[in-house]
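*Asks:* Quick one: this structure, given as structure tokens, is what I'll be asking you about.
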Amino acid sequence: MIENAEKRLSEYISSSEKVIPIEELEEVKHYYKHGEYEMSLEGLVIEFMRINADPPESTILLKR
């Protein structure tokens, strides 16, 4: 189950590059690469709030 959540977060980060500039995602990717998944997700949420944008529809984290 945890591996599935990690994979979904990775896909979420990748698809977010369409909305959030890549340079803004560097810290998010850093946390992900070092296993800090909660910090990575928190960083994504903060970036979406900061630029006042919605995540791509195909990346809803809660879908199963």
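None of the figures in this text is laboratory data; all of them are computed from the coordinates on show. For clarity, every value in this text was computed on a predicted model and none was experimentally measured. As a convention, Cβ positions derive from the backbone with ideal geometry for all residues, glycine included, and neighbour counts pool all protein chains shown.
*Asks:* Which net charge results for the neighbourhood of E24, defined as the other residues with beta-carbon distances under 12 angstrom from its beta-carbon, given Lys and Arg at +1 and Asp and Glu at -1? Don't skip to the end; give the middle numbers.
*Replies:* Values: positive: K29, R50; negative: E17, E23, E26, E27, E47.
Summing Lys and Arg as +1 and Asp and Glu as -1 gives -3.
*Asks:* Residue by residue through segment 33-42, which ³J(HN,Hα) values in whole Hz follow from phi under the Karplus form 6.51 cos²θ - 1.76 cosθ + 1.60 (θ = phi - 60°), with glycine and proline marked x?
*Replies:* Using θ = phi - 60°, the values come out as 4, 9, x, 8, 5, 5, 5, 5, 5, 4 Hz.
*Asks:* Given the Cα-Cα distance of E3 and E38 and 0.36 nm per residue of separation, how much length would full extension add, in nm?
*Replies:* On the way: separation 35, 0.36 × 35 = 12.60 nm, distance 1.39 nm.
Computed gain between E3 and E38 is 11.2 nm.
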